[in-house]
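Inspection log for the structure reproduced underneath, given as structure tokens.
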Amino acid sequence: MRLSIRSTVQKIVTEILPPSGGVAFSKEARDLLIECCVEFISLVSSEANEISEKEAKKTIACDHITKALEHLGFSEYVPAVLEAAAEHKEVQKGREKKSNKFEQSGMTLEELERLQQEQFAAAAARHN
């Protein structure tokens, strides 16, 4: 988990710092920021887990995260979390549509493979 957090934090730091501002972010500062991120995520996750357990839920939902943020005094983050959740939902919808293209085509796998081979042959003929 720390490796992905490390790369994510590095990406965020790179995006936030001005590209030619002469500002550097030391390794120690980056490591401290990573530790803070891990602690924050652990704190929010733990609180969200408690909330979901009190509601007799087995899965932590977005609602549990927003309630946890509010309980912990981070209410100002709730709008950004809700916005990120909405964006994530839209991305998921797009992925679902792509994965359903096979079903939506109404063709068998064999028919699709034959069509693909015909298109490869046509492209090769145009190239030659």
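Counting only protein heavy atoms, what percent of the accessible surface of the chain is carbon or sulfur at a 1.4 Å probe? With neighbouring chains kept in place, the figure for the chain is 58 percent. Separation of the alpha carbons by more than 31 angstrom is noted, of K11/K58; K67/K89; K57/K89, for K11/K58.
For the range 53-128, the solvent-accessible area of protein heavy atoms averages 86 Å² per residue (probe radius 1.4 Å; ligands and nucleic acids excluded). Result for the chain in a Gaussian network model with C-alpha springs under 10 Å: among K27, K57, K89, the largest mean-square fluctuation is at K27.
The values are calculated or read from the model by the stated rules, or taken from the named source; none is laboratory data. Everything quoted here is computed from the prediction, not taken from an experiment. These area figures cover heavy atoms from the full protein model, side chains too; ligands, DNA and RNA do not enter into them. Shrake-Rupley method; radii C 1.70, N 1.55, O 1.52, S 1.80 Å.
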